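Asks: Let me begin by handing over the structure; questions about it come next.
We did not get these values from a lab; they are worked out from the coordinates using the rules stated. Given the structure is predicted, the values throughout are model-derived calculations rather than measurements. Cβ coordinates were reconstructed from backbone atoms using ideal geometry, including for glycine residues, and neighbour counts include every protein chain displayed.
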Amino acid sequence: MILDGATVGPAYTSAFTVLSTRADILAAVRAAAGSPATKAHRIDLPYDSPAYQSLYGGSAVWLYVPVDGRLEQLALTWVAAKDAGTRAEGLAALAHFRTPGNIRVAERLLADPDYAVVTESGHQPVRRYLVRARAHQVLDGWGVQHAKPIIDGPHAP
C-alpha cells in the first residue's frame with residue numbers, strides 16, 4: 001500500500017490487531033496523535049493474537065506501545081485474560097499506573113492458580129507461578145507491603 005508517497009506494510013495496534021488499509025492506518029495515527037505518552041512499554045504479544053500471527057517469524061514477537069491511559073485500560077483487560085502469559089503481561093503494563101484500584105488487582109493476582117512446569121539444569125522440575133511472581137514484583141516496585149506468595153512449588157509428575 002502507498003501512504004503519502006511511501007510504500008508501507010500493515011500496521012499493528014496496542015490491541016494486537018492488524019491494520020492494512022490506508023483509512024484504518026490514518027484513523028489509528030490520528031487517534032494516537034493526542035497521546036501525552038513520553039515513554040514506551042514492551043509487550044510480548046499473545047500467540048493467538050492477529051498481530052502475533054502476522055509478525056511471527058520463528059522467534060519472540062514484541063510490540064512497543066505508548067505508556068498512556070489507553071495502555072492502562074488495555075492492561076486491565078489483559079489481567080483478566082484466560083491465558084496466564086497475557087495476565088502476566090497485563091501486570092507488567094499495569095506497573096506504570098500505581099492507583100488504589102490497580103493495587104487491589106495486583107494483590108488479587110498474588111493467588112493466581114496457573115503455573116508452568118520449569119526444569120532448570122541440575123534441578124528437579126518445579127511449578128512456577130508466573131503471574132504470582134509478576135504481581136509480587138509489581139507490588140514490590142510500588143512499595144506495597146504484602147505477603148510473598150508461593151512462586152515455586154514442587155511438581156509431581
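Asks: Would you mind computing the Rg to Rh ratio of the range 68-157 from its alpha-carbon coordinates, Kirkwood style for Rh?
Replies: That ratio equals 1.02.
Asks: Taking neighbour counts of Cβ atoms within 10 Å as a proxy for exposure, in what order, fewest first, do SER14, SER35, SER59 appear?
Replies: By the 10 Å Cβ count, ascending: SER59, SER35, SER14.
Asks: Extending each Cα 7 Å along its Cβ direction at ALA31 and VAL8, get the distance between those two points in nm, one decimal.
Replies: Here the answer is 1.5 nm between the modelled labels.
Asks: Please compute the length gained on full extension between SER54 and ASP83, using 0.36 nm multiplied by the number of residues separating them and subtracting their Cα-Cα distance.
Replies: That pair, SER54 and ASP83, stretches by 8.5 nm at full extension.
Asks: Just to verify a number: FRET efficiency for SER20 and ALA116, C-beta to C-beta distance, R0 = 35 Å, to 0.05?
Replies: Computed FRET efficiency for SER20 and ALA116 comes out at 0.55.
Asks: Over the Cα atoms of the chain, what Rg and Dmax result, in angstrom?
Replies: Spelled out, the Cα radius of gyration and Dmax of the chain are 18.3, 60 Å.
Asks: Something else now. Could you work out the relative contact order of the chain, using alpha carbon pairs under 8 angstrom and six or more residues apart, expressed as a whole percent?
Replies: 15 percent
Asks: Still on this structure: Compute the Rg to Rh ratio over the range 1-66 from the alpha carbon atoms, using the Kirkwood formula for Rh, and round to two decimal places.
Replies: 0.98
Asks: Given a 10 angstrom Cα cut-off, can you work out which residue in LEU26, LEU76, LEU139 is the most mobile in a GNM of the chain?
Replies: Result: LEU26 has the largest fluctuation of those listed.
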